[in-house]
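Down below is the structure, laid out as structure tokens.
The values are calculated or read from the model by the stated rules, or taken from the named source; none is laboratory data. Please read all numbers here as calculations on a predicted model, not as lab measurements. With ideal geometry, Cβ positions are generated from the backbone for all residues, glycine too; neighbour counts draw on all protein chains shown.
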Amino acid sequence: MSRVLVVGAGVVGLSSAVRLLEAGHRVDVVARDLPLETTSSVAAALWYPYLAFPRTRVVEWAATTYAALEVLASTEPASGVVLREGTEVLRERTPDPWWAEAGPSIARQTALPPGFVDGWTFRSPVVEMPVYLRWLVGQVEALGGTITRMNLSGLPTSADVVVNCSGIGSRLLAGDRSVVPVQGQVVVVEQFGLDRWWLAGSDDGRSPTYVVPRGTEVVVGGTDVEGEWSRTPSPATAAAILERASVLVPELRHARVLRHKVGLRPLRPAVRLERVSDVVHCYGHGGAGVTMSWGCADEVTRLVGGAPARTTSRSGVSDDGRLRG
């Protein structure tokens, strides 16, 4: 099997490393930012295809990932993945979403917050990212891989295959100026007993608004400012986020704020997932890195040259989302 260097330690890079290790490759992950420093660590991480193209491929990758996360939620409590029911609300009557075939069963919702006229409820994986990223690191290391901080001015050449999962870093490492940042700011508040998520979509030109509960906290967002590179939270933006989100969940008006975070989503006209000589590129996932992670990791593994292993392994999930063993 090949020696593979994965560049990037976000959710896509780590998921790809796990799949490659399961396929028998020797894998080392190198990255400027370690997992808890990446944009992935900021994500509210509700499974939901957002800001990612083309839609046909997004649906395929998202469906595989939904199945894999569903299994993790039921078999790997240490992963931080849970299934939660929630509701997306809309300001106009809307057909079923384009991604509906990717996994969840959708039921129309009639009890809606003020200002909304349509919506649907479905069960979706919610991933507590700090916990999940640590779990993925544990999988990489248990399977014999390594993760090393490394500043790179270009893609490495000291491996049989390099897998480029550097996200927004691909502007430099792949010379791809079509990748642009989309700034997303969130407010993390103390858990106040919320057990379901809420989402107000952005199809009407507004920034997305979401309230996503975790075990001890709730992630409230958000923004989608294309071309903005700043990672510094704005107090005025945070106040606006909480005001919008309080329409969905009024209890937020009294919730204690724990912290503010900003991440830069790597947007591209289409996800780049292809092999060019000895480099497999996998970047441009926009706001759906978690949502497409296992589907893209499976395709990365096929492009490197080994089908994902279907024998029992620590990750417990096969490439089609079924429990191994």
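Only one of the numbered conditions (1) under 18 Å from Glu141 (Cβ atoms); (2) buried (at least 19 other Cβ atoms within 10 Å of the Cβ) is not met by Val42, and that is (1). A search for C-beta distances below 8 Å between a residue of segment 211-232 that is closer than 11 Å to Gln191 by Cα and any residue that is modelled with pLDDT of 95 or more and among the polar types (S, T, N, Q), counting only pairs 6+ apart in sequence or on different chains, returns Pro213/Gln191; Arg214/Gln191; Gly215/Gln191; Thr216/Gln191; Glu217/Gln191; Val218/Gln191. Residues in segment 224-254 that are of a type in the set (Lys, Arg) and either out of contact with any strand residue (DSSP E or B) (no Cβ under 8 Å at 6 or more places or on another chain) or part of a loop (DSSP other than H, G, I, E, B) (or both): Arg231, Arg253. The residue that is surrounded by the fewest Cβ atoms within 10 Å (Cβ to Cβ), counting only those in segment 15-29 that are part of a helix (DSSP H, G or I) and in contact with a strand residue (DSSP E or B) (Cβ under 7 Å, 6 or more places away or on another chain), is Leu21.
Just checking, which of Arg57, Arg3 is over 30 Å from Gln109 (Cα atoms), surrounded by fewer than 21 Cβ atoms within 10 Å (Cβ to Cβ) and at pLDDT 95 or above?
Working: Arg57 fails: over 30 Å from Gln109 (Cα atoms).
From the options Arg57, Arg3, the qualifying one is Arg3.
In segment 106-128, the qualifying residues are those that are in contact with a helix residue (DSSP H, G or I) (Cβ under 8 Å, 6 or more places away or on another chain) and surrounded by fewer than 18 Cβ atoms within 10 Å (Cβ to Cβ), and the one that is farthest from Tyr210 (Cα to Cα) is Ile106.
Name the residues in segment 160-192 that are over 27 Å from Thr232 (Cα atoms) and crowded, with 21+ Cβ neighbours inside 10 Å, would you? If you could, list the steps in order and put the result at the bottom.
Quick first cut of segment 160-192, residues over 27 Å from Thr232 (Cα atoms) only: 160-163.
Passing the criteria: Val161, Val162, Val163.
Among the strands (runs of 3 or more DSSP E) confined to segment 127-223, the ones with at least 2 residues that are under 25 Å from Leu252 (Cα atoms) are located at 180-190, 197-200, 209-213, 217-221.
Identify, please: which residue in segment 80-105 is part of a loop (DSSP other than H, G, I, E, B) and surrounded by 14 or more Cβ atoms within 10 Å (Cβ to Cβ) and is, among those, modelled with the highest pLDDT? Don't jump to the end; show me each part of the working.
Initial filter on segment 80-105 (part of a loop (DSSP other than H, G, I, E, B)): 80, 91-99, 103-105.
Then keep just the ones that are surrounded by 14 or more Cβ atoms within 10 Å (Cβ to Cβ); that gives 80, 91, 94, 97, 99, 103-104.
Working: Gly80: 98, Arg91: 92, Thr94: 91, Pro97: 93, Trp99: 94, Gly103: 81, Pro104: 87.
Restricting to residues being part of a loop (DSSP other than H, G, I, E, B) and surrounded by 14 or more Cβ atoms within 10 Å (Cβ to Cβ), the top hit is Gly80.
Taking segment 235-274 as the range and being in contact (Cβ under 8 Å) with a residue 40 or more places away in the chain and of a type in the set (Lys, Arg) as the test, the residues that pass are Arg244, Arg256, Arg259, Lys261, Arg265, Arg268, Arg272.
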